[in-house]
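Here's the structure we're looking at; comments come further down.
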Amino acid sequence: EGFYSLIEVRASEGLLVNPIKPAPVSGGNVETTQRIADTVFKSLSGVLPDKVPAAGSGTMMNVMLGGYYKGSYWAHYETIGGGTGGRANKDGVSGVHVNMTNTLNTPIEIAEKDYPLLFTAYHIRYRSGGDGKHKGGDGIVRAFKILAETKLSILGDRFKVPPWGLFGGKSGSIAKVTIKRKEGKIEEMSGKFTTTLYEGDEVIIETPGGGGFGSK
């Protein structure tokens, strides 16, 4: 309460952060909040250069799956972390949730037990963090094959504009989602989409790394 009493937010009606009904706000708590955090941190970096890190991965990378399997409907929702930005005295951290994400990892064993999924990769996305005196943390690669017809929706960001570096540090890598169809077709997806997957299709999700801090 004391913290909020010191801050006044001014946002004209009709802006993305103060929409007028019936404007859609479904991604507000998961993606718009990430942009707000980035904006605030970058603004503060000009007056607190030793306290503010470069941009982190900047997306919750929301992954929503569901369908009908073994006689019943199922649904699975998870978010995937990335890399934090480099700091004035340290490199960023790899493979963690950043800013607004703050959710627990879904164990592969549980997901495979309950859903028609077979995970094919889960590891650090090496060299995805921005270069600099202090490097940005690396993102995550999480991939899985589908064992039955499934609907997939992804709501993510940082697919076009990468997480920024500070004071000469380089930007982190942008996000990437690839669908490899069973018959061999490869589809590079955008940050927001819904599609139908079929048995044997593989989804590869690569989250952004954080920006670097300072010139080498």
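The values are calculated or read from the model by the stated rules, or taken from the named source; none is laboratory data. Just so you know, these numbers come straight off a predicted model, no measurement behind them. Note that each Cβ is placed from the backbone with ideal geometry, even for glycine, and that neighbours are counted across all protein chains shown. We work out accessible area using only protein heavy atoms, side chains counted, and drop any ligands, DNA or RNA first. Shrake-Rupley method; radii C 1.70, N 1.55, O 1.52, S 1.80 Å.
Against the definition (at pLDDT 85 or above, part of a loop (DSSP other than H, G, I, E, B) and not acidic (Asp, Glu)), how does Ile36 come out, yes or no? Give the derivation first.
Values: at pLDDT 85 or above: yes; part of a loop (DSSP other than H, G, I, E, B): no; not acidic (Asp, Glu): yes.
Taking the combined requirement at face value, the residue does not satisfy it.
Scan region 37-55 and report the pairs whose first residue is open to solvent by less than 80 Å² (accessible area, probe 1.4 Å) and whose second residue is among the hydrophobic types (A, V, I, L, M, F, W, C) and assigned to a helix (DSSP H, G or I), with Cβ atoms within less than 6 Å and a gap of 6+ or a chain change.
Val52/Phe41; Val52/Leu44
Out of all the residues in region 42-65, which are part of a loop (DSSP other than H, G, I, E, B), among the small types (Gly, Ala, Ser) and over 17 Å from the mean Cα position of the chain (by Cα)? Spell out the reasoning first.
Of all residues in region 42-65, those part of a loop (DSSP other than H, G, I, E, B) come to 46-61.
Narrowing further to those that are among the small types (Gly, Ala, Ser): 46, 54-58.
The one that is part of a loop (DSSP other than H, G, I, E, B), among the small types (Gly, Ala, Ser) and over 17 Å from the mean Cα position of the chain (by Cα): Gly46.
Please give the number of the condition Ala143 fails out of (1) more than 18 Å from the chain's Cα centre (by Cα); (2) more than 16 Å from Ser57 (Cβ to Cβ).
Result: Ala143 fails condition (1) only.
Looking for whichever is more than 18 Å from Met64 (Cβ to Cβ), polar (S, T, N, Q) and crowded, with 18+ Cβ neighbours inside 10 Å here; the options are Ser215, Ser171. Which one fits?
Details: Ser215 fails: crowded, with 18+ Cβ neighbours inside 10 Å.
Of Ser215, Ser171, the one residue that is more than 18 Å from Met64 (Cβ to Cβ), polar (S, T, N, Q) and crowded, with 18+ Cβ neighbours inside 10 Å is Ser171.
Any idea which residue in region 71-82 is surrounded by the fewest Cβ atoms within 10 Å (Cβ to Cβ), counting only those that are part of a loop (DSSP other than H, G, I, E, B) and in contact (Cβ under 8 Å) with a residue 12 or more places away in the chain?
In the first step, residues of region 71-82 are kept if they are part of a loop (DSSP other than H, G, I, E, B); the result is 71, 80-81.
Remaining after also requiring in contact (Cβ under 8 Å) with a residue 12 or more places away in the chain: 80-81.
Working: Ile80: 27, Gly81: 25.
So, considering only residues that are part of a loop (DSSP other than H, G, I, E, B) and in contact (Cβ under 8 Å) with a residue 12 or more places away in the chain, the one surrounded by the fewest Cβ atoms within 10 Å (Cβ to Cβ) is Gly81.
Taking interchain pairs and intrachain pairs at least six residues apart, which have beta carbon atoms under 6 angstrom, with the first residue in region 93-104 and under 14 Å from Thr207 (Cα atoms) and in contact (Cβ under 8 Å) with a residue 40 or more places away in the chain and the second open to solvent by less than 70 Å² (accessible area, probe 1.4 Å) and not in a loop (DSSP other than H, G, I, E, B)?
Short answer, once both residue conditions are applied: Ser94/Ile124; Gly95/Ile124; Gly95/Ile140; Val98/Gly82; Thr101/Thr79.
Would you mind telling me which numbered condition in (1) touching a His at 6+ places or on another chain (Cβ under 9 Å); (2) in a loop (DSSP other than H, G, I, E, B); (3) under 24 Å from Thr194 (Cβ atoms); (4) of a type outside the set (Gly, Ala, Ser) Met100 fails?
Just one mismatch for Met100, condition (1).
In region 174-212, what residues are farther than 20 Å from Val161 by Cα and open to solvent by less than 20 Å² (accessible area, probe 1.4 Å)?
Result: Ile179, Leu197, Asp201, Val203.
Which pairs turn up if I take residues in region 18-36 that are over 15 Å from Asn102 (Cβ atoms) and look for partners that are assigned to a helix (DSSP H, G or I) with beta carbon separation below 9 Å, at least 6 apart in sequence or on another chain?
Pairs that qualify, where the first residue is over 15 Å from Asn102 (Cβ atoms) and the partner is assigned to a helix (DSSP H, G or I), are Pro19/Gly28; Val25/Thr32.
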